[in-house]
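Below is one structure, written out as structure tokens, with a few remarks after it.
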Amino acid sequence: MVILMSIKQVTLSSMMKASTMRFSIINTSLIKKVVLFAVLCVSGISLSYAQATATVSKNQITENEVIQLMVSVDKSADQSKFDTSQLGNDFRSGQVSFGSSRSLVNGDYSVQSQWTVSIAPTRMGTLTIPSLNVGGEKTNPITIRVNKDATAPKSSDVIKVSGELTKSELYEGETAQFHAKIAIFADTRRLKDPNIITPQGNGVEFSPVGESKQYQTVIDGLQATVVEQTFNVSADKVGELHFSGLAFTGGLIQTDRYGRSTKLIPLNISPENYQLTVLAKPADFKGTWLPTSSLKLGQQWLIDGKPMTSTTIEAGTAITRQIILNMADVPPEKLPTLSIEYPKSVRMYDEKPVIGTDSEGNSVMTIKQVIIPHKAGSVTLPAVSVQWWNSKTRQSETATLESLQLIITPSTQTDEQKIQQQTYAQPVDVEKRDEAQGFWPYTTVLFALLWLITLLAWYIHHTKVQSSKKEEKHTVGTSTIDTKALIRAVSDNNSILAHQILTDLAPLLLEQSIDVSAIKMCITALSQQQYSKENNKLSSTKYIITEINALLNKKSIASSKGVTLEQL
């Protein structure tokens, strides 16, 4: 009985161990199957995750029609992973837009990156969008059929260019003008990448004249936008030259009335060709080479802004010589420089030339010179001549401005100054009294010798005084004439000229202890008030003239007192 129980216990224990082993084997097998299933699932997800696709909005289109190409890949990527150059030469492409999305639906997580671009065919027929490489993944090719569009406008119906050359024959160094115009018979907002190509040619130089003009007008009953530009044309070599006019490239975006289709119509306008003959300078020509079809030279003589009515003027009077040079076929920057030599008896102040163009496009230069005679007598202001080559008559010509003969009278202010100096310089009479001194004869002889020595010393001193007096007289006379010109320049509100005169006059004024810096401050105030919006009493022209006169009058008193002291 005991043995039987023992056998049963052993059997039960063995059975339990065997059952445990079988469960362990089954559990291990189950785990392996689950892991294998998970690996297969992940592998399947990985395979579907790498798919790339390409689609189009239409696969049967007309020429120039724009369609949308959409490329996507089921993974995370950036915009640079898609390159439109893969489309080849059969398609034009626009700007690429990029987007990415992430989603989690019923526990399924997905990522998608998408590129969208507008494309248009470059030719008719059956075209193929090739397999596109997107981040290492490939899309399937797409076939596009392109048919002819009978309703598409021609480039010449939308864009018209024209040009006009003022002269087809010119001399070396001469300039012609080319008037270019382009007319656009469409809404300019629908133009894509418009590009106006300017005239160009080998050996021919073009420079724009001013800004281009753009305006709306009606041409042959059609609304048009017109752009005009004028160019100066010059050549750097002699002979028969050719150049091309305006050209245009770009596109026109056209949409049907229902907005269902968009077309990008290419616009290409070829330029017209022009011929230019450049003649050489004549071999026997001598002088300054200045070729032009027209040259005009004129002048005016003004005093106080009004034409001169008399050739007899007072010393110190400011004369304005205004010279106007008008030339055709010459750009403003190539106008000649006029050099005029004036006599030493006058002072000349140049203002900066004013250069521009007139209504006919001719270059105009206006020169103003302020001339101040400072010595009495006769003076001739020189003539001006400009040699030029008439390209119409093919002959050398000379334009001349006549000289001006003036009679200069002494300055009234100078005469008054002389009278004032003479008044202060009247000699003082000293009464001599002879008194008997009762000196011994030897003492008398000694005093006689001392008197002779004193007389000699007085003679030497008197000679120096007379010389100094003459210099003072000349200085006062000259500076007085210049101060009149200074006051006149201030009265005319010409601060630039006033500064120039003061610079020349400064050494003479400093010799007479005149405060030059104070006068300079007055002229600076004059310049500032010309650009100031506020009307300040202390900076008015009248007040400034009063201040300058007060400073200059100190000179007259000091000079007169100086002469009197020297006489004493």
- Taking segment 363-415, which residues are of a type in the set (D, E, K, R), in contact with a strand residue (DSSP E or B) (Cβ under 7 Å, 6 or more places away or on another chain) and either farther than 18 Å from TYR349 by Cβ or surrounded by fewer than 13 Cβ atoms within 10 Å (Cβ to Cβ) (or both)? GLU397
- Query: List, please: which pairs have Cβ atoms under 9 Å, are six or more places apart or on different chains, and start with a residue in segment 85-98 that is over 20 Å from ASN59 (Cα atoms) and in the same structural domain as ILE253 (by TED's automatic domain parsing) and end with one that is surrounded by fewer than 16 Cβ atoms within 10 Å (Cβ to Cβ) and among the charged types (D, E, K, R)?
  - Reply: none
- Item | Residue selected from segment 72-129 under the condition over 30 Å from ASP193 (Cα atoms) and touching a Lys or Arg at 6+ places or on another chain (Cβ under 9 Å), by the criterion surrounded by the most Cβ atoms within 10 Å (Cβ to Cβ) | VAL73
- Note on the structure: Conditions (1) within 26 Å of GLN60 (Cβ to Cβ); (2) assigned to a loop (DSSP other than H, G, I, E, B); (3) in contact with a Leu (Cβ under 7 Å, 6 or more places away or on another chain) -> ALA152 fails only (3)
- Task: Filter segment 319-358 for residues that are farther than 17 Å from GLY210 by Cα and either among the hydroxyl-bearing types (Ser, Thr, Tyr) or in contact with a Phe, Trp or Tyr (Cβ under 9 Å, 6 or more places away or on another chain) (or both) and give the result.
- Result: ILE319, THR320, ARG321, GLN322, MET327, PRO336, THR337, SER339, TYR342, SER345, MET348, TYR349
- Check THR357, THR288, THR292, THR320 and return the single one that is under 27 Å from LYS484 (Cβ atoms) and either in contact with a Gly (Cβ under 6 Å, 6 or more places away or on another chain) or among the β-branched types (Val, Ile, Thr) (or both). THR320
- Item | Enumeration of residues in segment 309-345 that are of a type in the set (A, V, I, L, M) and free of Cβ contacts under 8 Å to residues at least 12 places away in the same chain | none
- Query: Which condition breaks for PRO153 when tested against (1) at pLDDT 90 or above; (2) farther than 30 Å from GLU240 by Cβ; (3) out of contact with any Asp or Glu (no Cβ under 6 Å at 6 or more places or on another chain)?
  - Reply: (1)
- Task: Please give the strands (runs of 3 or more DSSP E) falling wholly within segment 334-384 in which 3 or more residues are over 15 Å from GLN322 (Cα atoms) and either basic (Lys, Arg) or outside the structural domain of ILE496 (by TED's automatic domain parsing) (or both).
- Result: 377-381
- Note on the structure: The condition of being at pLDDT 90 or above and under 16 Å from GLY173 (Cα atoms) holds, among ASN232, ASN202, only for ASN232
- Message: Quick check on segment 138-145. Is at least one of its residues closer than 15 Å to LEU69 by Cα, hydroxyl-bearing (Ser, Thr, Tyr) and in a strand (DSSP E or B)?
- Response: yes
- Positions within segment 273-311 being assigned to a loop (DSSP other than H, G, I, E, B) and of a type in the set (Ser, Thr, Tyr), in sequence order: THR288, SER293, SER294, THR309, SER310, THR311
- Taking ILE519, is it touching a helix residue (DSSP H, G or I) at 6+ places or on another chain (Cβ under 8 Å), modelled with pLDDT of 80 or more and not in a helix (DSSP H, G or I)? no
- Can you name the residue in segment 282-308 that is touching a residue at least 24 places away in the same chain (Cβ under 8 Å) and β-branched (Val, Ile, Thr) and, of all such residues, is surrounded by the most Cβ atoms within 10 Å (Cβ to Cβ)? THR292
- Task: Could you tell me whether any residue of segment 331-351 is under 30 Å from LEU165 (Cα atoms) and buried (at least 19 other Cβ atoms within 10 Å of the Cβ)?
- Result: no
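The values are calculated or read from the model by the stated rules, or taken from the named source; none is laboratory data. Everything numeric in this text was worked out from a predicted model, so none of it was measured. Counting neighbours? That spans all protein chains shown, and the Cβs are built from the backbone with ideal geometry, glycine included.
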